Every structure is written in C-alpha cells, then in structure tokens.
1. Can you tell me how many residues in the stretch 46-90 are more than 22 Å from Met35 (Cβ to Cβ) and polar (S, T, N, Q)?
2. Kindly state which helices (runs of 4 or more DSSP H) lie completely within the stretch 1-79 and contain at least 1 residues that are surrounded by 14 or more Cβ atoms within 10 Å (Cβ to Cβ), under 23 Å from the mean Cα position of the chain (by Cα) and in contact (Cβ under 8 Å) with a residue 60 or more places away in the chain.
3. Search the stretch 1-44 for residues being small (Gly, Ala, Ser) and out of contact with any Asp or Glu (no Cβ under 6 Å at 6 or more places or on another chain), and hand back the single one that is modelled with the lowest pLDDT.
4. Which numbered condition in (1) surrounded by 12 or more Cβ atoms within 10 Å (Cβ to Cβ); (2) in contact with a Phe, Trp or Tyr (Cβ under 8 Å, 6 or more places away or on another chain) is the only one that Ala90 fails?
Amino acid sequence: MEFAKVLKLGENRRNGYIENEEWIITWCVGHLVTMSYPEVYDEKLKFWRLDTLPFIPEEFKYEIIPAVAKQFEIVKGLLQREDVGEIYNARRLWTRRRIYTKTSFYDGKTKPKS
C-alpha cells in the first residue's frame, strides 16, 4: 500500500483495489495463475516415466489458482475498464513472476505497458 500513500489515494479502498480520480492500485497477492500440470495435456502424463520425458508442450496452459480466483477477476475487470488507458506494473523484473504477470495481463485482454 506504499504506492497508495505516495499517490495520496487516501481511504478510497474498494473490494480488491484502491482508486481515486487519477489512479487505480490493485495487487496480485502472490501468484494468481499457475502452469497446468502435465496430466491436463494428456492423462498418460500424470505419472512420470522415462518414455514420456521430456515433456515440452507446444503451447503452455495456465490455470487460475482457486484460492485467489476472486482477486484474479478483480484485476481482469480493472484491465478491461474503458477508463484505464495505461498500466504500470511494479514487480521484480526477470523472475518467474514475469510469466504469471504477463499471463494475468493477457487473460485480461489488455497488453501491459511495462
């Protein structure tokens, strides 16, 4: 919530985000999505065997983490708002979170400007 203090958003807290006339700040409470397990691609991959390894899918699949699905929907809704023109992403660069952050943005149908 340090960003909210710096931007002087005050106590305009909503369900899953803080907003004033100029800014909206939300959070991803850790990971919102995760990569799907191999058995989602093919049930035969549920148990690892040498004859099925390595498994590298042509297109990776992701799933919303059930415990944070509500926050995912909040972030997705904010990304799709007509009055949102720019998105600033405050995260550590070049970590595995980058994959999940980009996935969160793209699932929201808005490309990030970060």
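1. Residues meeting the conditions: 1.
2. Once the helices (runs of 4 or more DSSP H) in the stretch 1-79 are filtered for at least 1 residues that are surrounded by 14 or more Cβ atoms within 10 Å (Cβ to Cβ), under 23 Å from the mean Cα position of the chain (by Cα) and in contact (Cβ under 8 Å) with a residue 60 or more places away in the chain, what remains is 69-79.
3. Gly10
4. (1)
The values are calculated or read from the model by the stated rules, or taken from the named source; none is laboratory data. Predicted, not measured: the structure shown is a model, and the values here were computed from it. All Cβ positions, glycine included, derive from the backbone under ideal geometry; neighbour counts span all protein chains shown.
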